[in-house]
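In what follows, a single structure is set out as structure tokens and then discussed.
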Amino acid sequence: MKNKSIAITGHSGVIGSEFVKEFNKNRFYKCKIDITSKKKVFEWIKATDFDTFIHFAAIVPVNQVTKNKEKSYKVNFIGTKNIVDAILKYKRNKDIWFFFASTSHVYKTEIKLKKLKETSKKVPFNYYGKLKYKAEKYVIKKLKNSRINYCIGRIFSFTHYKQKKSYFVPSIFDKLLSSKKNIIFKNVNIYRDFIHLKDLLNAIKILFKNKAVGEFNIGSGKKVNLIEIINYVKRLTKINKKIIIEKNFSSGNLIADINKIKKFKFKPKFNFKDIIFDYYKKKKL
């Protein structure tokens with residue numbers, strides 16, 4: 001992404017801030033306005049000259065979205081709608097690559113260890129996923145017949161030291177470092193796909209380089225059981241506490257089929273232990 005003019009939302013978030021660092025040779029136009037305000041979004045996009053638009057801004061994690069449904073709807077859907085409508089109005093005759101950061105939560109979770117393709121059934125299992133899927137459909141409907149090249153990245157699980165304690169990996173460290181002798185985890189006998197943030201950013205870079213259009217899974221393509229992550233964190237921290245697993249059922253698996261993005265020579269370099277160890281090291285726990 002060298003020497004591009006990039007408009008970006010969510011530049012201060014976990015992914016956005018690392019994206020700006022990674023691609024700092026480009027000219028960035030950081031969106032500092034309220035994207036739920038149609039007037040402000042239209043004015044900003046009209047006045048901003050860009051050839052790439054990266055849309056990361058959203059309310060996460062899942063529990064925050066559930067607690068603040070009205071605000072989440074405005075940011076995660078209406079904000080996206082405002083941006084798409086403004087780009088179509090003011091930049092429709094310009095070749096622009098538009099990247100929308102979506103989520104694996106748009107998919108129907110699997111009971112079997114079956115990898116999810118971009119064409120797999122979409123049955124969002126939480127409000128966060130429902131809003132992202134609604135936004136996805138709006139992006140596709142409005143941009144598929146325009147000159148704007150849209151790309152939807154369905155991002156699977158990742159972790160980073162900047163994440164809040166409500167995310168899965170930070171919550172494990174927080175629980176193990178607490179004063180409690182017995183640590184209880186519920187509903188963790190499921191498999192997820194964790195991707196390192198460096199691999200995630202590289203995936204977006206590759207999609208941009210190829211001016212990729214359509215929906216793409218962004219994951220490692222490998223499964224890891226959440227109990228395995230818990231046990232690895234316990235070994236890493238060397239904390240001798242009893243871990244109790246409750247409601248040990250196997251459902252809700254989300255594992256990415258990344259064959260589509262691999263056609264662009266994308267190859268993840270890191271495994272889940274690298275991801276957890278990076279978190280541990282940077283948090284200086």
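The values are calculated or read from the model by the stated rules, or taken from the named source; none is laboratory data. Treat the numbers as computed from the prediction; the structure is a model and nothing was measured. Cβ coordinates were reconstructed from backbone atoms using ideal geometry, including for glycine residues, and neighbour counts include every protein chain displayed. Just so you know, the surface numbers come from the protein's heavy atoms only, side chains and all, with ligands and any DNA or RNA stripped out. Shrake-Rupley method; radii C 1.70, N 1.55, O 1.52, S 1.80 Å.
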Looking at the range 6-22, I want the residues that are touching a residue at least 12 places away in the same chain (Cβ under 8 Å) and have a partner that is part of a helix (DSSP H, G or I) and open to solvent by 30 Å² or more (accessible area, probe 1.4 Å) with Cβ atoms under 9 Å, at least 6 apart or on another chain. Which pairs are those? Ala7/Trp44; Glu18/Lys198; Glu22/Lys198; Glu22/Asn202; Glu22/Lys205
Name the pairs whose Cβ atoms lie under 9 Å apart, with the first residue in the range 167-189 and aliphatic (A, V, I, L, M) and modelled with pLDDT under 90, the second surrounded by fewer than 14 Cβ atoms within 10 Å (Cβ to Cβ) and not in a loop (DSSP other than H, G, I, E, B), and 6 or more positions between them or separate chains? none
Scope the range 150-203; condition buried (at least 19 other Cβ atoms within 10 Å of the Cβ) and of a type in the set (Lys, Arg); matching residues: Arg154, Arg192
Which count do you get for residues in the range 74-109 that are assigned to a helix (DSSP H, G or I), under 16 Å from Asp257 (Cα atoms) and open to solvent by 10 Å² or more (accessible area, probe 1.4 Å)? 1
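A quick yes/no check of all residues on (1) closer than 28 Å to Tyr161 by Cβ; (2) open to solvent by 40 Å² or more (accessible area, probe 1.4 Å); (3) among the charged types (D, E, K, R):
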site	(1), (2), (3)
Thr9	yes, no, no
Glu18	yes, no, yes
Lys38	no, yes, yes
Glu43	no, yes, yes
Lys46	no, yes, yes
Phe53	yes, no, no
Asn63	yes, yes, no
Somewhere in the range 208-218, is a residue open to solvent by 10 Å² or more (accessible area, probe 1.4 Å), more than 17 Å from the chain's Cα centre (by Cα) and more than 27 Å from Glu22 (Cα to Cα)? no
Condition check for Lys132: open to solvent by less than 10 Å² (accessible area, probe 1.4 Å), charged (D, E, K, R) and part of a helix (DSSP H, G or I): yes
Taking the range 5-19 and keeping only residues that are under 19 Å from Ile45 (Cα atoms) and either assigned to a helix (DSSP H, G or I) or in contact with a Leu (Cβ under 9 Å, 6 or more places away or on another chain) (or both), one is left with Gly16
Within the range 104-117, identify whether any single residue is at pLDDT 95 or above, closer than 21 Å to Phe19 by Cβ and of a type outside the set (Val, Ile, Thr), and answer yes or no. yes
Exactly one condition in (1) modelled with pLDDT of 95 or more; (2) out of contact with any Phe, Trp or Tyr (no Cβ under 8 Å at 6 or more places or on another chain); (3) surrounded by 20 or more Cβ atoms within 10 Å (Cβ to Cβ) is not met by Phe23; state its number. (1)
Which is assigned to a strand (DSSP E or B), touching a residue at least 40 places away in the same chain (Cβ under 8 Å) and within 26 Å of Arg154 (Cα to Cα), of Phe208, Phe216? Phe216
Considering residues of the range 149-178 that are part of a loop (DSSP other than H, G, I, E, B) and among the small types (Gly, Ala, Ser) only, the residue farthest from Val224 (Cα to Cα): Ser178
Looking only at the range 242-262, which residues are open to solvent by 30 Å² or more (accessible area, probe 1.4 Å) and part of a loop (DSSP other than H, G, I, E, B)? Lys247, Asn248, Phe249, Ser250, Ser251
Hey, among His55, His105, which residue is in contact (Cβ under 8 Å) with a residue 40 or more places away in the chain, touching a helix residue (DSSP H, G or I) at 6+ places or on another chain (Cβ under 8 Å) and closer than 15 Å to Lys142 by Cβ? His55
State all residues of the range 110-119 that are part of a loop (DSSP other than H, G, I, E, B) and either surrounded by 17 or more Cβ atoms within 10 Å (Cβ to Cβ) or acidic (Asp, Glu) (or both); if no residue qualifies, say none. Lys115, Glu118
